[in-house]
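One structure is given here, and the rest of the page talks about it.
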Amino acid sequence: MISVIVRFKFKSEDREEIQEALRALAAASRLEPGVVTFIPHTLEADPDTVVIYEQYRDQAARDTHASSAHFKQYVVGCIYQRMLEREVENLHALA
């Protein structure tokens, strides 16, 4: 199991577009056979910060996700174009 947390920061004026892209991305990602969990969040104290919690069956599933058409459309074509900051944390499960 591979777990990842991705944190993005955006401008307030991009909030609606980013949230729409994230909803579409999440819906499509959850249909991928190797995706266990894909949940985008906004921070309660800062709605312009997005945190995505992702779990994949294995590295192959993560790679498949990153090469999918919906990833290219919503992440590469929208989210990466609008982000101010990005941080990725790869997690190791203890139990």
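Just to verify a result, which residue in the range 16-42, among those that are in contact with a helix residue (DSSP H, G or I) (Cβ under 9 Å, 6 or more places away or on another chain) and among the hydroxyl-bearing types (Ser, Thr, Tyr), is surrounded by the most Cβ atoms within 10 Å (Cβ to Cβ)? Going through the qualifying residues, I end up with Ser29.
For the range 48-58, the count of residues that are surrounded by 14 or more Cβ atoms within 10 Å (Cβ to Cβ), on the phi < 0 side of the Ramachandran plot and either touching a Cys at 6+ places or on another chain (Cβ under 6 Å) or among the small types (Gly, Ala, Ser) (or both) is zero.
Do we have Ala45 as surrounded by fewer than 18 Cβ atoms within 10 Å (Cβ to Cβ), within 21 Å of Lys11 (Cβ to Cβ), modelled with pLDDT of 95 or more and among the small types (Gly, Ala, Ser) here? Yes. Those strands (runs of 3 or more DSSP E) of the chain in which 2 or more residues are in contact (Cβ under 8 Å) with a residue 40 or more places away in the chain occupy 2-9, 46-56, 85-91. Only a single item in (1) of a type in the set (Phe, Trp, Tyr); (2) in contact with a strand residue (DSSP E or B) (Cβ under 6 Å, 6 or more places away or on another chain); (3) surrounded by fewer than 17 Cβ atoms within 10 Å (Cβ to Cβ) is not met by Tyr80, and it is number (2).
The values are calculated or read from the model by the stated rules, or taken from the named source; none is laboratory data. Computed from a prediction, not measured in an experiment: that's the story for all the values here. Glycine gets a Cβ as well: all are built from the backbone with ideal geometry, and neighbour counts include every protein chain shown.
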